[in-house]
Amino acid sequence: MNRSQDIAVEVDVKIRAVPGSRIGSHLASADSTASPLVSRVRPAARATTDGAHTGTTPPADPGRSVVVRRDVWSIGESLSERDWDILRSVYEHRFLTVRQIYEIHFADLSPTHGRRSAQRVLERLRRLHILGDIERRKGGAEAGSDGMVHFVDTNGERLLRAETGQPVRRHLTDPSETFLKHALAIADAHVTLVRAHRADELELLSYAMEPACWRRYIAPGGARLTLKPDMHFSVSPSEGSDYIDDYFLEVDRGTEPIPRLIKKCRDYETYRRTGIEQDQNDGAFPRIIWSMSAKDPAKALRRKVALREAIDRDRNLPSELFCVIVADELVSLVKQGGSL
């Protein structure tokens, strides 16, 4: 299977569930078609260039600081399929660094050529006001140009609004450091799954980022509530496997007290008891993964242990519903069907 192409899967699915429960897996119909790794937006007419090489897409006039609204349509026609994929990805994730965009959209090229191509394409998209960048850099491994953070700029919003016919979430040009780092950590989890998919370690069938993965429901008392996972994804532990496992992902960066995380666990249990998700997934409910990270790896490990113990002590929470890991255990966990 070509990992850079859309993924269509036909499987005879068996149930993988925790004994005595239906958690984590669901039956898929034999002719079900999975979502692609990268969401694609396809206007009726568009250039066929791949967006990766200089000169394949008409450049913007560098002398113009603002592209007027009437030019948005011609800009849309000039964009390559990869340009549109990048725009959609940045919108889905809210923010993406150059490195993350490279991992998702340019990994089919050699590392040196891929990073240069990514930089060149992103520079052009910034000139066209399709993407904008936040004037800050992250330290450490993300220092320099790879750490430049991108968001959807004004013309990108107009193109998406015209393409979908739906309202488009406005971008944040000055998010708080906490919000930004959390958003990028969620994106990193997705990139990790994409990388594992391309390496044939697992099969990433579909994903949805927040807020697309949020679940709105009515609680037993009649209150209208919204469950807000950071991400939902479906995987098969290996290509051609009979099993499909569903997960909600929560990314913790060590900024919230453990009791607040337990409250979020109870929110999941409240939603599970409604049966809404099970009705849509052959009686199964996704496992919830808590991915613990922190600047100090020892702190992440301590919080992993603390959250696991707190969940196990809570008599109102089904312990097997929750997986608690540190960030670099994500692929190992899903390859083993939700257990380490």
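The values are calculated or read from the model by the stated rules, or taken from the named source; none is laboratory data. Remember, predicted model here, so these are calculated numbers, not experimental data. A quick note on method: Cβ atoms are made from the backbone with ideal geometry, for glycine too, and the neighbour counts reach across all protein chains shown. Please note that ligands, DNA and RNA were not included when accessible areas were found on the heavy atoms of the full protein model with its side chains. Shrake-Rupley method; radii C 1.70, N 1.55, O 1.52, S 1.80 Å.
Considering the stretch 238-261, and only residues there that are assigned to a helix (DSSP H, G or I) and in contact with a Lys or Arg (Cβ under 9 Å, 6 or more places away or on another chain), the residue that is nearest to residue 301 (Cα to Cα) turns out to be 258. What about residue 324, is it in contact with an Asp or Glu (Cβ under 8 Å, 6 or more places away or on another chain) and either open to solvent by less than 70 Å² (accessible area, probe 1.4 Å) or not aromatic (Phe, Trp, Tyr) (or both)? So residue 324 does not fit the description; no. Within the stretch 299-324, track down each residue that is farther than 22 Å from residue 243 by Cα and among the hydrophobic types (A, V, I, L, M, F, W, C). The answer is 300, 301, 305, 306, 307, 310, 311, 317.
For the stretch 171-190, does any single residue satisfy the condition of being among the charged types (D, E, K, R), farther than 17 Å from residue 72 by Cβ, touching a residue at least 40 places away in the same chain (Cβ under 8 Å) and part of a helix (DSSP H, G or I)? Taking every residue of the stretch 171-190 in turn, at least one turns out to be among the charged types (D, E, K, R), farther than 17 Å from residue 72 by Cβ, touching a residue at least 40 places away in the same chain (Cβ under 8 Å) and part of a helix (DSSP H, G or I). Checking the stretch 238-246 against the condition returns a match, with at least one residue being of a type outside the set (Asp, Glu), open to solvent by 60 Å² or more (accessible area, probe 1.4 Å) and under 22 Å from the mean Cα position of the chain (by Cα). If you check residue 174 against the conditions, is it open to solvent by less than 40 Å² (accessible area, probe 1.4 Å), under 25 Å from residue 123 (Cα atoms) and modelled with pLDDT under 90? So residue 174 does not fit the description; no. Just so you know, in the stretch 275-287 the residues that are polar (S, T, N, Q) and under 24 Å from residue 324 (Cβ atoms) include one that is nearest to the chain's Cα centre (by Cα), and it is 281. Any idea which of (1) open to solvent by 50 Å² or more (accessible area, probe 1.4 Å); (2) not in a strand (DSSP E or B) is the one residue 216 doesn't satisfy? In the conditions (1) open to solvent by 50 Å² or more (accessible area, probe 1.4 Å); (2) not in a strand (DSSP E or B), residue 216 misses (2) alone. Residues of the stretch 325-340 that are of a type outside the set (S, T, N, Q) and either more than 22 Å from residue 243 (Cβ to Cβ) or in a helix (DSSP H, G or I) (or both): 326, 327, 328, 329, 330, 331, 333, 334, 335.
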